[in-house]
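Here's the structure, in structure tokens; my notes come after.
A short reminder: the numbers here are calculations on the coordinates, not readings from a lab. As the structure is a prediction and not an experimental result, all values here were calculated from the model. A quick note on method: Cβ atoms are made from the backbone with ideal geometry, for glycine too, and the neighbour counts reach across all protein chains shown.
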DNA sequence: CCAGAAATTGAACGATGATCATTATTTTAA
DNA sequence: TTAAAATAATGATCATCGTTCAATTTCTGG
């Protein structure tokens, strides 16, 4: 078969990302198959390569979709909230990871070959996640500003990530920790309390 | 060829784990190949299955080797140290991860199929890593004891892990953080300071 | 010395990602 | 209107992977 134009380029792109995300959410990164994605949207493997150029770029697009959904989930949860915004953001962080186990894990399972740079569009999505936390940290610490707030936000993001990661991969269960979110919130509180003092 | 007895069962096991660890350290989890391991020790793929029963159990053994080396590196670094032991432990945590990038990352890239339980020997190694931190936390906080110290240690372990993970996977670089270890130490200090107060 | 046990092989299978000449379709321009 | 050029999609081909297991070879106990 040749040029069909059943779908425009952007439509096709969307179909692949959408189905790819569905796939990876269901079976996880390890069992993900590009061929299966192609089959399910009624195309063949070659077409995925035509559209994305490489497997890696396709996976990046799929992970990008996960980031989009994650950002939306965070923002959505905070919308209209007056108090407890930072805590809500952290809880939403966990909730998304738990509810999208496989897709969330794939974010970290997949890595570009060394040396290959992250595309800007992806970098921006990662920064958007951070941005949410930065904003809430800055709001929680009126006296903090600029780089100080950004630095603390990055670090607390890593803190929350570590707790979330251990919660999902079974490390916390293995170690007997039963309430990972509470522990993450403890650590954030520790940092804020200390900051307020000096 | 048949029963050769060039090597005893334990010898063979050691050869596979040793070469497997070398392999995964070099090329990483994604490019790891069991066939390649077999070839390099002068056996064939079937033999690996004879010895370990499954691919997963072999990988677990290889990751177990990484944990052994990690524990040894932590203990070795602390040996004879009188002061600054907790900080030294955390620095050693990072140092090992950086110096064994691929092997360390493989610890988290590989997961058993859902439902399959961790073998006890592996669980014990993970607990040994935690144990080091628990011990130093307990030493740093004389008034903390039992479950309180364990709980805090687990949480700080997750905190350090998050920072280490973001350092290695490029997230911190992307966000402009240049000194992940310092940030991890900040967070640990935050927790200890708060704990000492009440 | 031989029969049975044990260890090792490697061919076979079904997948995977990757490549690319071929073919079908559309678009363009004459 | 039609021929030529550009484009889209295919699917056969390749190298590799994990997995299985009958066949083969070697060892060992009697």
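log₁₀ I(q)/I(0) of the protein assembly as shown at q = 0.10, 0.14 Å⁻¹, via Debye over equal Cα point scatterers, no solvent, to two decimals? At q = 0.10, 0.14 Å⁻¹ the computed log10 ratios are -0.74, -1.31.
Relative contact order for the stretch A:38-141: 31 percent, from Cα pairs under 8 Å spaced at least 6 residues apart, divided by residue count. Of the Cα atoms belonging to the stretch A:131-171, the radius of gyration and Dmax stand at 12.1, 38 Å. Comparing mean-square fluctuations of A:141, A:67, A:59 from a GNM of chain A with C-alpha springs under 10 Å, the top value falls on A:141.
Partner chain Cβ atoms within 10 Å, averaged over the residues of B:174-181 - can you pull that number for me?
So the per-residue partner count for this stretch is 5.
By the compact-protein rule of thumb, 2.2 N^0.38 Å, the alpha-carbon radius of gyration of the stretch A:64-197 corresponds to a ratio of 1.07.
Pairwise Cα distances in the stretch B:40-135 exceed 21 Å for 42 percent of all pairs. Restricting the calculation to alpha carbons of the stretch B:41-90 gives Rg and Dmax of 17.3, 51 angstrom.
For chain B, the longest principal axis of the alpha carbon atoms and the long axis of helix B:180-197 meet at an angle near 50°. Nearest 10 degrees, 0 to 90: what angle lies between the long axis of helix A:147-169 and the longest principal axis of chain A (Cα atoms)? The helix A:147-169 is inclined about 70 degrees to chain A. Structural descriptor for chain B: relative contact order 19 percent, calculated from alpha carbon pairs under 8 angstrom and at least 6 residues apart.
Estimated from helices alone, the mean residue ellipticity of the protein assembly as shown at 222 nm is -24500 deg cm²/dmol (sum of -39500 (n - 2.57) over DSSP H runs with n ≥ 4, per residue). Of the peptides B:16-25, A:122-131, B:167-176, the ranking by mean beta-carbon count within 10 Å, highest at the top, reads B:16-25, B:167-176, A:122-131.
Which three numbers, in whole Å and largest first, are the semi-axes of the equivalent ellipsoid of the stretch A:1-78 derived from its Cα gyration tensor as √(5λ)?
Ellipsoid semi-axes (Å, largest first): 24, 15, 10.
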